[in-house]
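What follows is one structure encoded as structure tokens, with my remarks underneath.
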Amino acid sequence: MIRQLRSAPNLLTLLRLIFVPITVIAVLQRRWMVALVIFVIAGVSDGLDGLLARLLKQKTVLGQYLDPIADKLLLSTMFLVLSFMRQIPWVVTVLVFSRDIMILIVCTLLYATGAMTRFQPSWFGKANTVAQIATVPVVLLHQVFPDLRWLALLRQFGFNATMVLTVVSGVHYLVRVALDLRHTGPKEEGSGS
């Protein structure tokens with residue numbers, strides 16, 4: 001475990017976890033440019049740790065769990081804090097958190113019961129993540145340059161895209177899981193007889 005922790009990709013992921021409270025403090029102090037720069041650095045480190053893992057052949061089990069946790073923690077925290085600071089509408093953040101909690105509960109139950117053990121991300125889920133990742137820096141940039149109308153429009157587009165993709169990806173996930181369970185159920189029953 002310690003050796004896995006010392007790998008370059010995992011050290012970058014841990015650095016991203018350290019960025020979370022620093023970014024939150026910057027937002028709470030209304031230091032928008034600082035928060036934007038840290039968020040962008042965190043995004044670059046996210047891409048870099050995956051690249052390093054492949055190039056250095058340092059893919060680890062720890063990294064497979066740590067990387068998405070760091071991503072989700074940073075994004076969810078930013079949505080929460082920016083809503084608290086009245087920069088992201090609460091309805092957007094509530095939808096984002098509701099979808100994530102629903103998926104976490106469903107995955108945990110299915111994994112615990114042994115009904116499903118693999119959960120592949122869908123294109124809708126990936127598009128939703130991209131919308132969230134793109135919305136946060138636009139919101140921060142809008143605070144740095146509040147007079148730019150195109151940024152205000154882009155920010156609103158980010159909110160709308162995030163809400164639509166959050167709902168669509170959540171519904172798609174539930175439908176896909178239901179269909180997967182329906183297809184695997186009869187096979188398991190048939191193999192037992």
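Just so you know, all these numbers are worked out from the coordinates, no wet-lab data involved. Fair warning: this is a prediction, and the values are worked out from it, not measured in the lab. Ideal geometry is used to build each Cβ from the backbone, glycine not excepted, and the neighbour counts take in all protein chains shown.
Quick look at the values:
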{"item": "Surrounding net charge for ILE22, when Lys and Arg each add one and Asp and Glu each subtract one, Cβ distance under 15 Å", "result": "+3"}
{"item": "For region 154-164, Karplus couplings with θ = phi - 60° (6.51, -1.76, 1.60), whole Hz, Gly/Pro x", "result": "5, 4, 5, 4, x, 4, 5, 4, 5, 4, 4"}
{"item": "Kirkwood Rh and Cα Rg combined as Rg/Rh, region 89-193", "result": "1.17"}
{"item": "By average C-beta atoms within 10 angstrom, highest first, the peptides 90-98, 127-135", "result": "127-135, 90-98"}
{"item": "Relative packing of peptides 37-46, 24-33 - highest average C-beta neighbours within 10 Å first", "result": "37-46, 24-33"}
{"item": "Distant-in-sequence amide H partners of ILE88 (H built 1.01 Å from N, under 5 Å)", "result": "SER83"}
{"item": "Contour excess over end-to-end distance, with Cα ends at ALA134 and ARG149 and 0.36 nm allotted per residue", "result": "3.7 nm"}
